[in-house]
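Everything on this sheet refers to the single structure shown next.
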Amino acid sequence: MSEAPAYGSGDATFQAAGGEAGIRALVNTFYDIMDTDTRFATIRRMHPEQLDVSRDKLALFLCGWMGGPRLFREKYGAITIPGVHAHLSVTANERDQWLACMAAALEQQAYPDSLVRYLLEQLAVPAERIRQVNA
Ligand code: HEM
């Protein structure tokens, strides 16, 4: 049996994360946790009351970000990640809440530890970029 390709090569990360269905499940868990766990109240308040569009947008964005189909761009058009957060005040506190909420959501998926670690490392890069631009 050949080894699975390394995360980050082609669409390997997208496939390992369960494709669009797996990423939608991850994002639903992420927003369910944000909506109910008071540790994330600060970033929850930054979002609209109805989270349906936020769920759809983050899931479709992450499909392309993980090397899969560019579903966000097809549906909503081109964006930059710092740009779409420009109206928000993101300090280290909001950055860390977002990453901790994502860590909790990742733990609830049936993902190998290596994928959880990889995604958290990679997501920390745009999260820190948002902080630099929008603090
Ligand atoms: C650094 C911590 C972050 C915070 C506090 C944060 C917060 C938010 C909030 C409040 C919204 C909704 C904005 C609105 O509807 O007015 C949003 C939208 C979004 N976020 Fe984040 N976010 C963070 C990091 C990230 C990261 C790391 C990614 C992707 C890798 C991401 C991807 C998106 C996308 C795709 C949208 C939808 C943009 C649109 O409206 O078209 N966010 N974020």
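The values are calculated or read from the model by the stated rules, or taken from the named source; none is laboratory data. Just so you know, these numbers come straight off a predicted model, no measurement behind them. Here the Cβ positions follow ideal geometry from the backbone for every residue, glycine too, while neighbour counts run over all protein chains shown. Ligands, DNA and RNA are stripped out before the accessible areas are found, and what is left, the full protein with its side chains, is counted by its heavy atoms. Shrake-Rupley method; radii C 1.70, N 1.55, O 1.52, S 1.80 Å.
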Suppose we filter E94, E107 for residues that are open to solvent by 80 Å² or more (accessible area, probe 1.4 Å), without any contact (Cβ under 8 Å) to a residue 60 or more places away in the chain and among the acidic types (D, E); which single one remains?
E107
So is D11 charged (D, E, K, R), farther than 23 Å from A135 by Cα, more than 10 Å from the ligand (Cβ to nearest atom) and open to solvent by 60 Å² or more (accessible area, probe 1.4 Å) or not?
yes
Could you tell me how many of the residues in the stretch 47-88 are within 9 Å of the ligand (Cβ to nearest atom) and surrounded by fewer than 12 Cβ atoms within 10 Å (Cβ to Cβ)?
4
Is it the case that V133 is open to solvent by 50 Å² or more (accessible area, probe 1.4 Å), within 13 Å of the ligand (Cβ to nearest atom), more than 13 Å from the chain's Cα centre (by Cα) and hydrophobic (A, V, I, L, M, F, W, C)?
yes
With the condition kept exactly as written, say whether any residue in the stretch 16-24 is within 24 Å of Q132 (Cβ to Cβ), of a type in the set (A, V, I, L, M) and exposed (fewer than 14 other Cβ atoms within 10 Å of the Cβ).
no
Given the conditions (1) open to solvent by less than 60 Å² (accessible area, probe 1.4 Å); (2) outside any helix (DSSP H, G or I); (3) not acidic (D, E), which single one is not true for I43?
(2)
Pairs only if they're at least six apart or on different chains, beta carbon under 6 angstrom, first in the stretch 64-84 and small (G, A, S), second surrounded by 13 or more Cβ atoms within 10 Å (Cβ to Cβ); list them, first residue then second.
G64/R70; G64/F72; G67/D11; G67/T13; G67/F14; G68/D11; G68/F14
Are any residues in the stretch 110-130 open to solvent by 40 Å² or more (accessible area, probe 1.4 Å) and closer than 22 Å to D11 by Cα, and if so, which ones?
A110, P112, D113, S114, R117, Y118, L120, E121, Q122, V125
